[in-house]
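First comes the structure, then the notes that go with it.
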Amino acid sequence: SCAFSTVSDSEILERQSALRGAMTGGAADGLCLLQTKGAVVKSALSVASSVLDKGHGVANQVPELFELNPFNSLHIPTLPRLNGVDGTIEQAVVFGAMVCLALLVLLVLAVVNREGDSLPAKSSTWSLWDLAGMCCFRTYGGFFVTAWLPYLIAEEGAQMWGSSQAAFMACCKLILGLSVLTGPFFGALNDRTRSSFGRRRVWFVGGAFAIVVGVALTALASLFKAPAVFFLGVLVWTVGESASDSTSEAIVPDLVPRDDYDRVGAIRSMFYLLGGIVAYASIIVCSYYLRLPFYWLYGAFLGTLVFTVPVVIKYAAPTEAERLALEGEAPEQETRLGSILWDAYIKPVAGADCKEFRTVLLSSTLFCAGASSILFILLVTRDVTRPGDERAIQLHFALACLSFFICAALGSVVSAYVAEPAQRRTLLVGISVLYGVTELFMPMVAFAPYPQLSLYVVACVKGVLFGSIMALFSPLVWDTLPLKFRTPDETGHDHVADTMALASLFRQLGAGLGNAFFGFILQYSLASDVAEPVADGEVVHYPLQGYFALFAASAVTVWIGAWILYDKEVTKLDVFDLAP
């Protein structure tokens, strides 16, 4: 959910050349959620690399843990080099893309040949496995956000544009950001589609095909060093994701009754966080233990599609109500571009009956903005807890972040069993207030007897609260979705997909803008212009008071979001009461 975050390309560029030996601690911009996420991976990888070489830093401290590496004797054959790049992985990715496309085609044909395939609307008989099947595509989303920009695109930029790596990454970020903006537009088209195949299936399967084609294009472009083709592949890839997400975001409001919102909200959050954790582990094993070129990651993206897309297709079938509507006469549809754009970007937040929905959107946007500060842990570890040399910094940073995400996954599960629908809003406000308090503890760990251990504790507590908030916000958004968007209007279609796509866009805007805002606070408010040398040879780029300013601003942002959610008077935002 960080498509609009301001990535510090210069920092990633500075780290690129040292990634295979030891990570550099330079560049202290620290403005990016995705870069920091990627640093979790890269920090763990640098530690793995150093300990495999033996005789350095952390390896000397824990030799018994790393010296017995089962992959040391593993021989991985390679084919002749193609255009200066080893051919094994690239050819495997191209072959995998073709196989993946073939599997999707066979799957679609099998689904099309199933007569009378339909789902009940708002069924109360969904099992836990059914709810998991509806949400499993979120695993791909978590994997993509964690591994795509901060790792794959950084590596591709170094290979294709060399010293212009930062510009290469900026182009990819621009394409990604523009693609995310198309989400509500695809949602509006999704709602208007009439097909016996199922309107949700049409856009989900079409998006999945586009993703596979985009992955294959980018892999081939990387193999033959064709940047123009690579950017085209990125465009097809990310637009395909927006099209698929227009269905994956709408399935739950389409099919799940309100009584199950808490359970399915927890499942969605858990799958998303699990995708990120799997990405971290995969990169560590494949890139630094197996020493594979980064091209294996294209196969990993295809693999997540193969495991998740077929399951979601089952639940994207037309509902019984949709089947009945298809049997009747098709109402006249408004096809003007202006009308579609209105339905996509304005109508979901326009009108007096949308006030509750607007309130939840605004609150979730502010929370995503405030929570973006957690991914400044890299700089906190380096400048606040100061565990030792660069390898120690990377090790503790990776452990702190992984602890956060694991605890967040646990928190999302726990929230499903403690939240009652009537108390969901109050509980969410209370947890958000506590989360804001934990923000203030981040810089205070510098005064603890054991700063690094204290950071672990704070990260775990924040993780549990973060996961709970994620799991509670989703059902609250579904719960406040106005009835007029759930039922067909005079044109014969509802507005579930475009409304949910707009809600997703709000969250991503909050994450990106909040991350940039806090980065500028750290950079310019109280930070010194000159690095502060420390006696043991470390270099601290930002003084402690800068971190107090950053996390205080983050806490206030989260508290404002909680206050908006708590005070119903805030819902009277007449500026949004637009005529339909």
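The values are calculated or read from the model by the stated rules, or taken from the named source; none is laboratory data. Every value quoted in this text rests on a predicted model; they were computed, and no experiment measured them. Cβ atoms come from the backbone with ideal geometry, glycine included; neighbour counts cover every protein chain shown. Accessible surface areas use protein heavy atoms only, side chains included; no ligands, DNA or RNA. Shrake-Rupley method; radii C 1.70, N 1.55, O 1.52, S 1.80 Å.
Quick look at the values:
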quantity: Filter result for D489 (farther than 21 Å from I267 by Cβ, of a type in the set (D, E, K, R) and modelled with pLDDT of 80 or more); calculated: no
quantity: Elements of type helices (runs of 4 or more DSSP H) in segment 357-467, at least 2 residues being out of contact with any Asp or Glu (no Cβ under 8 Å at 6 or more places or on another chain) and of a type in the set (F, W, Y); calculated: 390-418, 424-444
quantity: Of the criteria (1) under 20 Å from C100 (Cα atoms); (2) touching a Leu at 6+ places or on another chain (Cβ under 8 Å); (3) open to solvent by less than 10 Å² (accessible area, probe 1.4 Å), which one R201 fails; calculated: (2)
quantity: Filter result (modelled with pLDDT of 85 or more, among the β-branched types (V, I, T) and either buried (at least 16 other Cβ atoms within 10 Å of the Cβ) or not in a helix (DSSP H, G or I) (or both)) within segment 524-564; calculated: T557, V558, I560, I564
quantity: Verdict on S373 being in contact with a Ser or Thr (Cβ under 9 Å, 6 or more places away or on another chain) and under 13 Å from L550 (Cα atoms); calculated: yes
quantity: Residue check, S287 open to solvent by less than 20 Å² (accessible area, probe 1.4 Å), among the polar types (S, T, N, Q) and modelled with pLDDT under 90; calculated: yes
quantity: Any hit, segment 381-391, residues being at pLDDT 80 or above, open to solvent by less than 10 Å² (accessible area, probe 1.4 Å), among the hydroxyl-bearing types (S, T, Y) and under 22 Å from M444 (Cβ atoms); calculated: yes
quantity: Qualifying residue in segment 183-193 (condition: charged (D, E, K, R) and more than 19 Å from Q159 (Cα to Cα)); calculated: yes
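A quick yes/no check of all residues on (1) open to solvent by 40 Å² or more (accessible area, probe 1.4 Å); (2) at pLDDT below 80; (3) part of a helix (DSSP H, G or I); (4) of a type outside the set (D, E, K, R):
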residue	(1), (2), (3), (4)
V239	yes, no, yes, yes
R268	no, no, yes, no
G299	no, no, yes, yes
P310	yes, no, yes, yes
